[in-house]
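Input: a single structure, listed below in structure tokens.
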Amino acid sequence: MGFKEDMVVKAIQENGEGDTEAILETLLTYKAIEKAPSDHENSPNDCSLSSDRENTDEDLCDMDDFEDEEFAEDLSEKDRKLLILVEMGFPTDKASSAIDRCGPNASLLELADSIHAAQMAEESDCHLRESRISDSTEEGTYVYDSQRGRKRRSPEETNYKRKRLLSDSESMICLPKPMVGFGLPNQRMTLANRKIPEAATGPPYFYYENVALAPKGAWETISRFLYDIEPEFVDSKYFCAAARKRGYVHNLPIHNRFLLHPTPPKTIQEAFPVTKKWWPSWDYRRQFNCLQTCVASAKLTERIRTELEKCGDPPPERIQKYVLEECRRWNLVWVGRHKVAPLEPDEIEMLLGFPRDHTRGGGISRMNRYKSLGNSFQVDTVAYHLSVLKDMFPNGITVLSLFSGIGGAEVALHQLGIHMKTVVSVEISDVNRNILKSWWEQTNQTGELIDLSDVQELNGDKLEQMINTFGGFDLVIGGSPCNNLSGSNRYSRDGLEGKHSSLFYDYFRILDLVKCIMGKNF
Ligand code: SAH
């Protein structure tokens, strides 16, 4: 791409030789800075502080579920990235849509990926619809048969699904405000009577999770596949000191839920009392934004310190604005005079309801800890929903845990005091599997943990074998990857058909197989 040699050397020095993606990202950033210096100068937010985006530390990680819409309006950043993408050969309209879709903070690699994904989604969309429709005709691809590992739908059901798949103009699911689900503890239920379609009633009970702010149509599809059950959208800020807007589709009862005790602190000040001393009056945050898979760089915190040291107390409004924006963007905390810092992994563990050191040690890098935690369940929120299982299964439950990650579901069940007789956990990351395995050992679980790797390899035969051995699953739980769903613009394409997010269909496939096998044998 014609990068200058000194730039290449500098980029390698910054990132190390091994990480070619980060090097490329740095080079592209250098190039953009060189070409469009006036962007920052003219930025309405300009505080004579250059943007920290040139620091590639943070671009190494996924900004995959950055939720605060307030940051979607960063025009100068958008223009800068648009320029580079066009230079890289992407059509302007596609590049622009990708930025809208992923948000101005997305790295160039993510944006390039997103453009490719959207193109592929467009191409495969027709194909997918056609193949889903033909899958559900007489050939019966969803037919479960113990010999062939398939499941058959009745013709009426087939037609119904076909109709549902074809009707794109159906009403959109609206995200509730406030995002309190079917009701918060000690509050009146917003939905007193919900009807679960007969085909969806438990056992097995199921619980599916993903980011609430998904692109247009994603939740409609999720709900449609999961037996037309209305999603329950909840922001974990009502359960802990950090926002986490998630949608949950489940067939659990919603009455007589209870909270885990002790309940976690709900404000930053309660969660981190020692930081109070350093918290400036103009930083009015009471809660964190969504905890991400990555954290701010040391360079950014240094820049903030230097800028604050240069001015008096309180700093001028434009500096306050800049600092606050970065603090909110990166969930920074005050740890000294003029000193902000990213949350430590153990602090994030606490906010998300995991035991201290849950993700620590055993060869797990800091980066991996942030990444796994950033993708995990908020334990108190999920436990609140799962609490109804306690009375239903006094002797314990058998769980199929898909996309287990670091075991948010398992930790929630354990903390609720629900005995896990058997957990079949399916998680592709070795790092995450090890975290769950060592937690299982450390908590002296008396049940059995079986860990498998790829959901795509879990077929009808394997499921039937397990179901016969364990006497069926009581709960099928999981949140499939959100990589292609998150971003600030939920009204754009990509979404569920993206490379990672399409694993949702495996959740559905497996759940449907489990239901079918259990329906036949139990
Ligand atoms: N609920 C989990 C996190 C879910 S994030 C928790 O509490 O930690 C989605 C998870 O799916 C990630 O951990 C990712 O590694 C895993 N994953 C991605 N592709 C997968 C696949 N093909 N099979 C199994 N797991 C997969």
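Rule-based calculations on the coordinates, nothing more; no lab input. Everything quoted here is computed from the prediction, not taken from an experiment. Every residue, glycine as well, gets a Cβ built from its backbone with ideal geometry; the counts of neighbours run over all protein chains shown.
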- When you have a sec, figure out the Kirkwood radius of the stretch 392-522 from all distinct Cα pair distances and drop it here in Å to one decimal? 15.6
- Given the C-alpha centroids of the stretch 290-360 and the stretch 444-489, what is the distance between them in whole angstrom? 36
- Message: Limiting things to C-alpha atoms, what are the Rg and the maximum Cα-Cα separation (Dmax) for the stretch 183-261, in angstroms?
- Response: 13.2, 38
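Can you check what the net charge comes to around Val323, using other residues whose Cβ is under 9 Å from the Cβ of Val323 (Lys, Arg +1; Asp, Glu -1)? Numbers along the way, then the final one.
Working: positive: Lys321; negative: Asp283, Glu307, Glu325, Glu326.
Value of the local net charge: -3.
Between Asn468 and Lys277, what FRET efficiency comes out of the Förster formula 1/(1 + (r/R0)^6) with R0 = 51 Å and r the beta carbon distance, rounded to 0.05?
Numbers: r = 60 Å, r/R0 = 1.18.
After rounding to 0.05, the efficiency reads 0.25.
Quick one: grab the alpha carbon gyration tensor of the stretch 428-482, order the square roots of its eigenvalues as a ≥ b ≥ c, and give me rounded if a/c is under 1.5, else prolate or oblate depending on whether a/b is larger than b/c.
Values: a/c = 1.98, a/b = 1.20, b/c = 1.64.
Oblate, since a/c reaches 1.5 and b/c is not below a/b.
How long are the semi-axes of the ellipsoid equivalent to the stretch 352-434, from square roots of 5 times the Cα gyration tensor eigenvalues, in whole Å, largest first?
Ellipsoid semi-axes (Å, largest first): 24, 14, 10.
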- Summing +1 for each Lys or Arg and -1 for each Asp or Glu, what net charge is found among the other residues whose Cβ lies under 15 Å from the Cβ of Arg194? -1
